[in-house]
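Below: one structure, written as structure tokens.
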Amino acid sequence: MDDAWQPSCSLKLLRLRAQVLRDIRCFFAERAVLEVETPLLCHGIGTDPQLDFFTTAYCLQPLQQALFLQTSPEFAMKRLLAAGSGSIYQICKAFRNGESGRFHNPEFTLLEWYRVGYDLPQLMDEIDELLALLFAGSGLDSTQRISYQAVFQHHTGLDPLLFSYQEYCAYAFNNHIPDAIGLCGHDQVLWLDFIFSHNVQPHLGANALCMVYGYPACQSSLARLNEHNPKVAERVELFINGIELGNGFYELTDAIEQDRRFNGEISIRQQRQLPLSIKDNRLIAALSAGLPDCSGIAIGLDRLLMLLSGSAAINDVLAFPVDRA
Amino acid sequence: MAIFSTNEFKAGLKVMLDNDPCAIIENEFVKPGKGQAFNRVKIRNLKTGRVIERTFKSGESLEGADVVDVEMQYLYNDGEFRHFMVQDTFEQYQADQKIVGDAGLWLKDQDFCTVTLWNDAPLAVSPANFVELSIVETDPGVRGDTSGGGGKPAKLETGAVVRVPLFVQQGELIKVDTRTGEYISRVKE
């Protein structure tokens, strides 16, 4: 008999999810961080060439226009920050087209928060406190903080900030990933993604939170560059048991630099013939008006629930993953 | 032949890789939040039987391989080739020892087996999971011994050697699991 009407997670997981949501709201209420809601349907959308989005048709006769399902609430939340909201958090759905697998569902839940006046180390302290609270029952070992360069070098012997095609090829050849050579060519960013996800990430955070900071500038995304070393970005990623759990930035506040990065990504999209994205000019306007110094992070709550419950697949923690939606 | 994208790589799908027909075993979607999406694929080369791991950029594609499993009747061995026939169409195929491999140890004339065809030529042969074969050679056992322990080697009519309980005698028909090569039971004729 077809049982696709039933939830794919257990009822116990529904209760665990509710408990986690309560704990998070309590954590931020105690710290006077304001809970906010921003639209899932937006006029603008992220330009990141690695993120594919959903486009919807908004019909209000005679008007018809495209609205996008947000890939993250980041832009709208930064507009609130620029408007003087102070520190804020949100628990919401985010949508990424074409992402489906053991750790991916095209619709997933994010916890995203911003701390006005915090630099990255201060935000990392708070992340540590929140996760310690959520994992109180399962007893994580002590948190590890390590730079991208150090962790990459430790696991591969390669310097991620100094790309040498010959050395990277030799590494791939000697470490049973020769297919990396053809796949990555001379593209440094691709090499870093390939080697990091295959040979570094699986070792990160064995029964502990591992925070990797100081990403190479070529992977800065929406982070500002380090003021003393422009080769690295003020970006942090979280890992537990080799699973990527979240991504945070000491946020870029420079409107001109942000606009430049958007335009760069849009031209990459054109070169690769990817769907055209509409850059969020309201974010640029908000940055021009003045985004306060802040740090922010997004954490995937479904993956967090996987880790809390020891589940092997994201479908084990979702009531209705996309194939049952 | 059809083209399959990484999203369609499901266990069992047959594709061409490095000019050899292969079967997908496992496909894992790997994507850093801010980076390139990959598919790490475990794949079996159907010619050599070797399992390898390959990484693709998500969205890349491979050509499908014209590989099908067909149930056939094993006819005979002419010394160089084994001959098989499809029951419905009487179509005949021949395969040499390299292709038949260990399956040859379980093939008895007239029995059914599965022949994997690649572009309509045999690529591999798999025997039925359970076969019934008679014992052509084994030491006389102790009568009355019904214990499970111990056992003795017995040579079967197809050439395979399996361990059987001591009470099983030469000339008897037995049932064997070809996946493990283990004796299951005696068969009453």
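Annotations
- Within the set A:Leu134, A:Leu130, A:Leu111, A:Leu80, the sole residue that is over 30 Å from B:Arg40 (Cα atoms) and open to solvent by less than 10 Å² (accessible area, probe 1.4 Å) turns out to be A:Leu130.
- Which numbered condition B:Leu117 fails, given (1) part of a strand (DSSP E or B); (2) within 14 Å of chain A (Cβ to nearest Cβ): (2)
- Residue tally, condition among the acidic types (Asp, Glu), away from every other protein chain (no Cβ under 14 Å) and open to solvent by 10 Å² or more (accessible area, probe 1.4 Å), over the stretch A:236-255: 1
- With respect to the conditions (1) more than 22 Å from B:Ser58 (Cα to Cα); (2) open to solvent by 60 Å² or more (accessible area, probe 1.4 Å), A:Val322 lacks only one, and its number is (1).
- B:Tyr76 passes every criterion in (1) in contact with a helix residue (DSSP H, G or I) (Cβ under 9 Å, 6 or more places away or on another chain); (2) away from every other protein chain (no Cβ under 14 Å); (3) in contact (Cβ under 8 Å) with a residue 24 or more places away in the chain apart from (1).
- Qualifying residue in the stretch B:95-116 (condition: hydrophobic (A, V, I, L, M, F, W, C) and over 17 Å from the mean Cα position of the chain (by Cα)): no
- In the stretch A:279-319, residue most open to solvent (accessible area, probe 1.4 Å) [restricted to those that are among the β-branched types (Val, Ile, Thr) and within 24 Å of A:Glu234 (Cβ to Cβ)]: A:Ile284
- Look at the stretch A:109-125: where a residue is in contact (Cβ under 8 Å) with a residue 24 or more places away in the chain and of a type in the set (Asp, Glu) and a partner is outside any strand (DSSP E or B) and open to solvent by less than 30 Å² (accessible area, probe 1.4 Å), sitting 6+ places away or on another chain with Cβ atoms under 6 Å, you get A:Glu112/A:Pro73.
- Residue in the stretch B:154-172 that is part of a helix (DSSP H, G or I) and either acidic (Asp, Glu) or under 25 Å from B:Val15 (Cβ atoms) (or both) present: no
- Note on the stretch A:72-107: among residues that are part of a strand (DSSP E or B) and within 11 Å of another protein chain (Cβ to nearest Cβ), the one that is nearest to B:Ser5 (Cα to Cα) is A:Gly101.
- From A:Leu225, A:Leu209, A:Leu276, residue being more than 17 Å from the chain's Cα centre (by Cα) and either on the phi > 0 side of the Ramachandran plot or surrounded by 16 or more Cβ atoms within 10 Å (Cβ to Cβ) (or both): A:Leu225
- Unmet requirement for B:Asp18, which otherwise passes all of (1) farther than 30 Å from A:Leu245 by Cβ; (2) at pLDDT 95 or above; (3) open to solvent by 50 Å² or more (accessible area, probe 1.4 Å); (4) within 14 Å of another protein chain (Cβ to nearest Cβ): (2)
- So A:Ala29, is it in contact with a helix residue (DSSP H, G or I) (Cβ under 7 Å, 6 or more places away or on another chain) and loosely packed, with under 14 Cβ neighbours inside 10 Å: no
- Qualifying position, being within 10 Å of another protein chain (Cβ to nearest Cβ) and either part of a helix (DSSP H, G or I) or under 20 Å from the mean Cα position of the chain (by Cα) (or both), among A:Phe173, A:Phe194: A:Phe194
- Condition met for A:Arg145 (at pLDDT 95 or above and part of a strand (DSSP E or B)): yes
- Residue among A:Gln219, A:Gln258 that is under 23 Å from A:Arg303 (Cα atoms), of a type outside the set (Phe, Trp, Tyr) and surrounded by 20 or more Cβ atoms within 10 Å (Cβ to Cβ): A:Gln219
- In this structure, A:Ser100 does satisfy being at pLDDT below 95, of a type outside the set (A, V, I, L, M) and under 28 Å from A:Asn199 (Cβ atoms).
- Residue within the stretch A:216-233 that is out of contact with any strand residue (DSSP E or B) (no Cβ under 9 Å at 6 or more places or on another chain) and closer than 22 Å to A:Gly101 by Cβ present: no
- In the stretch A:279-295, the residues that are under 21 Å from the mean Cα position of the chain (by Cα) and polar (S, T, N, Q): A:Ser295
- Wholly enclosed strands (runs of 3 or more DSSP E) of the stretch A:223-325 bearing at least 1 residues among the aromatic types (Phe, Trp, Tyr): A:232-240, A:243-250
- Restricting the stretch B:29-49 to residues that are more than 14 Å from chain A (Cβ to nearest Cβ) and open to solvent by 50 Å² or more (accessible area, probe 1.4 Å), the residue that is modelled with the highest pLDDT: B:Arg44
- Taking the criterion of being within 14 Å of chain B (Cβ to nearest Cβ) and free of Cβ contacts under 8 Å to residues at least 60 places away in the same chain, the residues of the stretch A:210-234 that qualify are A:Ala217, A:Cys218, A:Gln219, A:Ser220, A:Ala223, A:Ala233.
Per-residue answers, yes or no, for (1) surrounded by 14 or more Cβ atoms within 10 Å (Cβ to Cβ); (2) closer than 30 Å to B:Gly49 by Cβ:
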| position | (1), (2) |
| --- | --- |
| B:Gln92 | no, yes |
| B:Ala103 | yes, yes |
| B:Val115 | yes, yes |
| B:Pro127 | yes, yes |
| B:Leu133 | yes, yes |
| B:Asp139 | no, no |
| B:Leu156 | yes, yes |
| B:Val164 | yes, yes |
| B:Thr180 | no, yes |
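- Complete set of residues in the stretch A:88-139 that are within 14 Å of the chain's Cα centre (by Cα) and aromatic (Phe, Trp, Tyr): A:Phe95, A:Phe103, A:Phe108, A:Trp113, A:Tyr114
- Checking each residue of the stretch A:60-68 against the condition of being crowded, with 19+ Cβ neighbours inside 10 Å, among the aromatic types (Phe, Trp, Tyr) and assigned to a helix (DSSP H, G or I) gives no match.
The values are calculated or read from the model by the stated rules, or taken from the named source; none is laboratory data. Computed from a predicted structure; not experimentally measured. Because the Cβ atoms are built from the backbone with ideal geometry, glycine has one as well, and the counts that use them run over all protein chains shown. Ligands, DNA and RNA are excluded from the accessible area calculation, which covers all protein heavy atoms including side chains. Shrake-Rupley method; radii C 1.70, N 1.55, O 1.52, S 1.80 Å.
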